[in-house]
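What follows is calculated from the coordinates using simple rules that are stated; it is not laboratory data. All of these numbers come straight from a predicted model, not from anything done at the bench. Cβ placement follows ideal geometry from the backbone for every residue including glycine, while neighbour counts extend to all protein chains displayed.
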């Protein structure tokens, strides 16, 4: 379980998170919605240990993330996958080399084992046909799929998705959303997605949280959110904030 | 009262800005030294990085070679012409081979190669690493628990440390050859006289390499390592999209050139004044 309690974070002169409380239950996709600049990506970076909170607690499986030493943090990160907005693939490696990277660098798996795991994962995301291509030669949607394969190849318990549909056309975005839902069911992973897209929340979210001014202002299942009278929630659900 | 405060602040503003600049330079220097230490600590992983190392060595050695050769040839010719005019006045033109070979090997070869590599390879490294930084690739490596110093910096530093002296040797030879052409056609020195003088200067009875040659190579090794680490550091500190990458390239080239000059002086002082024999 991912648990954030009273997290505060100031970046420069701006107070980004102001006592954020967030619990991501096991096996579900939790969608954190909010306008640009409200601290969604900052929240993800706290969970993965890139940022440390000024105050409050960030726990993954009961372990306090900011208190971890480098080795312990590396160990924790092996339980996690992270999908960046544009995939963040290494341009000089092929798609399959990118996907294999965490296994090659961090495990003692045999080459044949790595190859099989990479092919299997690429097949799940529908990228097995483009395994030998380089990232600049494939589309934005394909880069995201490859990024997702890289996040999944270590068979993590948690996957963090940073704006998984940013810059994609609606059809491609829909495919990525379906893939995220499929990944949850296929690998039983817990997902934490940040997005400002209503469609993304509708397609992928089991629970939704709306972030505003550094804290959660509304939370619940999609059905509960439809009942909400909070103006920001209404704005998101009516599509005005998309 | 409130009217005087902005005036005082106005006077202090240049001091504040200078302080901020000094702070920035010190932070950058600290980060770069830390990165260098982490890179040295990761040296045992170099065999795993041989593919990237060979790519970086190809970029540093082969791709920069045409520019280095042209610059070295003409630098040697200019040096021979300028020195030859003065030597002819003194009736000492047969010394041109000695002077040219020593100048090239001691100072001009490593210095020219360093400047050329900083401008061509160093800027490319800073741009490449900076682009990786602003497009989250560096963060992605961090999230995958892959050490950036080991994965990105080590192959580039190793390649530059090896290729800078290699290119310097070629630059020295081409510069000396350029001097031979000018000496023959403009100063009337025979090829035999010239090359005998060069050999006399560049051989030693006490060691495999004369001091003038190995000090030049030490400089080239230090320059290569410096250019690579400074460029990687500038790239890794880039932020703010394409504009940030451009600034990182500018910072990398400026810092590399300044360090080449300062370290060149320091090495000369160390070998010729502190350790004269």
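Would you mind telling me which residue in A:225, A:80, A:109 has the biggest mean-square fluctuation in a Gaussian network model of chain A, where springs connect alpha carbons within a distance under 10 angstrom? Highest fluctuation of the listed residues: A:109. If R0 is taken as 25 Å, the Cβ-Cβ distance between residue B:82 and residue B:262 corresponds to a FRET efficiency of 0.45. Nearest 10 degrees is fine. How inclined is helix B:123-134 to the longest principal axis of chain B, computing both from alpha carbons? On a 0 to 90 degree scale, this one is about 10.
Report D for chain A in µm² per second (integer): Stokes-Einstein, Kirkwood Rh on Cα pairs, 4 °C, 1.567 mPa s. For the chosen part, D equals 71 µm²/s.
Going by alpha carbons, how many degrees (0 to 90, nearest 10) lie between the helix axis of A:140-152 and the longest principal axis of chain A? Computed tilt is about 90 degrees. Of all DSSP bridge pairs formed entirely within the protein assembly as shown, close to 50 percent run antiparallel. Highest GNM mean-square fluctuation among B:34, B:122, B:216, for chain B modelled with Cα contacts below 10 Å: B:34. Once the Cα atoms are used to define both axes, helix A:170-187 deviates from the longest principal axis of chain A by about 80 degrees. Considering only B:102, B:173, B:54, the mean-square fluctuation computed in a Gaussian network model of chain B, springs between alpha carbons under 10 angstrom, is largest for B:54. On the principal axes of its alpha-carbon atoms, the stretch B:40-178 has extents of 69, 28, 19 Å, going from largest to smallest. For the stretch A:2-237, what proportion of DSSP beta bridges, expressed in % and rounded to the nearest 5, is antiparallel? Roughly 50 percent of the beta bridges in the stretch A:2-237 run antiparallel, per DSSP.
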